[in-house]
Every structure is written in C-alpha cells, then in structure tokens.
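What follows is calculated from the coordinates using simple rules that are stated; it is not laboratory data. Every value quoted in this text rests on a predicted model; they were computed, and no experiment measured them. Quick reminder, even Gly has a Cβ in these numbers, built from the backbone with ideal geometry, and neighbours come from all protein chains shown.
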Amino acid sequence: MGKRTVGIISGGSGSSKFATALDNYHEVGKHDFAYICNVGDNFFFHGLYVCPDVDIITYALAGILDERKSWGIKEDTWNFVEGLAALGYGNWFSLGDRDLALCVVRTELINGGLTLSQATDRLRKYLGIKNKIVPATDDSVQTFVDTSKGRIHLQEYWVKMKGALRVSSVDYRGIKNAMPNREVLMLLSKDVLILPANPITSVMPTVSLRGVRKKLRMARVTAISPFIGKSVFSGPAAKLMRAMHIEPSSYGVAKLYSDFLKLFIVDYREENSEIVKIKDFGIECIKSNIKIDSIADKRHIARELMNIL
C-alpha cells in the first residue's frame, strides 16, 4: 500500500512546534505531509513581499526557526531594521537579515513571473525541505481588523500596535474573488489535519476560500485545539474571537469548525462538561497532552497523531 498524504492546514507560531513534531518524529514510510499555509497576514514591507505564516512553517521544517520567539531565523542579525531606524524609516516589523534575504528572493521570483506557490516551492527546495509547503491561494487575501483607531492590517494591529486596540470586526479583503490553489483542493479531499492556530486569522482565511469548506465536509478532518483551558498557544485569538461573537475556548473553536470537523483533540485538563458540549455537535473529542515543551512532548504528539491518522 502506498503512502497517504495528509493535508495540514497551518498558521504560524502556534503551528510550528507541531509541524516539526510531525516532520521529525512520525513513523517513516507511512505518510507524506503537505502544509497548507495561511496567506491572510501577507503584506508588503518596504517593497518586499513578506509571508509570515508561510515563512514560519518553512523555517520550522528547515530546522532553522528561532523556537524561542517562534518566528524568524535562529541566530539572525538585525542590521537591516537597525539601518532603517537610523535613516528615520519605520522599523516596527522585525525582519532579520537572513529573513530579509528570503523575502528579497521571493519578491524577485514573483516579479519575474512566478506565482507565490511556485516561489514557495523553489525556496522549499533551496532549503532542503522534503514535504510540500503550499500557500492557500496565489490571489491576494489580506486580513484587516476594524479597531478603535480605524481599519488596519492584521500585522499593524498585532505587531505595531501590540494588539492593544479595541476590535469590532475582522475582514478578509479579497476573499470573495480569490481561488484556492488547485493543489490545495486535492490535498483536502481525504485526510486533513488542522494544527493549533488562531482560528480567526490563521485558519478561517483558508477555510473561507471558494470550495474549501465543501471539500472539508467530505474529508476526514482532525483538529488540535489552540486552547489550553482559556489560554491560547500564541497570538490574539481570544480577543478576535470575542470580536466575532465566538466564545474564546476549545468549545468555541469546535463550534466554528462544526460543519466539517470529525475529531477534535483537546488538552487533557479540559473540563468534561466542555467535552460533552463539543460532542453535542457530532464531533468526536479526545483528550491528550497538546502542550509541547520538549522533544519528548513532540514524540508523544507525533505518535498520537499517527495513530489517529
């Protein structure tokens, strides 16, 4: 029997440890993985096309991610942003020098006629990554946040403004006309895994693409909760979920995914009453240790996921 390919919907920081766990500690020979990456937080920074979630997964799988920060390249230098500051230019987005180099290459590849998917695949191969990394769409989809200071890009809200502004709504600009990559629809036809990620800004921009939700309804979809109790792995998920009138909890995530989710993995400390509520959606729910703090944790979650898949 041939290998099974698992389509993995991922975000950035919250997903990276799970991506490396699967990549490094799965049972060799039984599965291939393809990482479908969120593009909603992509933006231009001083003329360069920056793809934060795509890059975090790329660096994680290449073994060069700064795991302390959960973004950027380990042992990078910062001459570029320091130079911007010295010249009086905005340097609110921390782009390390090696990180900058990748963004320069990607921008040149796209300006030379490649799609984002083609450029991502070429960079993946440069870095020796064996599993596919596929942007959810080659079309422009950008997440904007309506705040007390007006509508701003997600990166400005979270990085520049430190997530401090009051939020009233979230908008995926361009989503109505964007088409998912053809490969994405193929990858979502059988076995699908949704890694822990901000459901509003990392998962829903992918799920909301035309035809994706329909594919997911027909697939075997497993998701890992991005919540440990009422706390999220990373990012402003709880605040943005409240802005969208969604309970910021594992239950709230299950409700958001309820029309396509088959199996939900939650933290072993989750209240049984919450498990019952999740199962009321017709979703199978199991408890596990989903907090990764060590290599042993990575081995555990990889083994558990392989058993499930």
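Taking a ≥ b ≥ c as the square roots of the Cα gyration tensor eigenvalues, with a/c under 1.5 meaning rounded and otherwise prolate when a/b beats b/c, else oblate, which class fits the stretch 215-309?
oblate
How big is the stretch 1-120 on each of its three principal axes, counting only the C-alpha atoms and giving the largest first in Å?
Here the Cα extents, ordered largest to smallest, are 59, 35, 20 Å.
With +1 assigned to the C-beta of every Lys and Arg and -1 to the C-beta of every Asp and Glu, and no other charges, what is the dipole magnitude of the stretch 195-304 about the Cα centre in debye, to the nearest 20?
Here the stretch 195-304 has a charge dipole of around 460 debye.
Return the ratio Rg/(2.2 N^0.38 Å) for the stretch 9-70, where Rg is computed over Cα atoms only. Before the final figure, lay out each step's value.
Numbers: Rg = 12.7 Å, N = 62, 2.2 N^0.38 = 10.6 Å.
Output field value: 1.20.
Between the alpha-carbon centers of the stretch 66-102 and the stretch 230-309, tell me the distance in whole angstrom.
Result: 33 Å between the Cα centres.
Based on the alpha-carbon gyration tensor of the stretch 112-231 and its eigenvalue square roots a ≥ b ≥ c, which shape applies: rounded if a/c is under 1.5, prolate if not and a/b is larger than b/c, or oblate?
It comes out prolate by the Cα gyration axes.
Can you report the principal axis dimensions of the stretch 94-149 using only the alpha carbons, biggest first, rounded to whole angstrom?
Over the stretch 94-149, Cα extents along the principal axes are 44, 26, 24 Å.
Which residue, chosen from Val276, Ser288, Ala254, occupies the Cα position most advanced towards the positive end of the dipole of the stretch 252-299, where the dipole is computed from +1 (Lys, Arg) and -1 (Asp, Glu) charges on Cβ about the Cα centre?
Selected residue: Ser288.
Give, to the nearest whole percent, the P(r) tail of the chain beyond 30 angstrom, counting all Cα pairs.
29 percent
With the Cα gyration tensor of the stretch 135-190 in hand, convert its eigenvalues to equivalent ellipsoid semi-axes via √(5λ) and list them largest first in whole Å.
Computed over the stretch 135-190, the values are 29, 11, 9 Å.
Which order do Lys69, Lys215, Lys162 fall in if you start with the one that has the fewest other Cβ atoms within 10 Å? All intermediate terms of the calculation are to be shown ahead of the outcome.
Values: Lys69 14, Lys215 22, Lys162 10.
So the ranking, lowest neighbour count to highest, is Lys162, Lys69, Lys215.
Over the Cα atoms, compute the radius of gyration (one decimal) and Dmax (the largest Cα-Cα distance, rounded to a whole number) for the stretch 237-289, in Å.
According to the Cα coordinates of the stretch 237-289, Rg and Dmax are 10.8, 29 Å.
Using only the alpha carbons of the stretch 62-158, determine the length spanned along each of the three principal axes and report them from longest to shortest in whole angstroms.
42, 31, 29
Given Cβ point charges of +1 (Lys, Arg) and -1 (Asp, Glu) and nothing else, what value in debye, to the nearest 20, does the dipole of the chain about its Cα centre take?
That gives a dipole near 760 debye.
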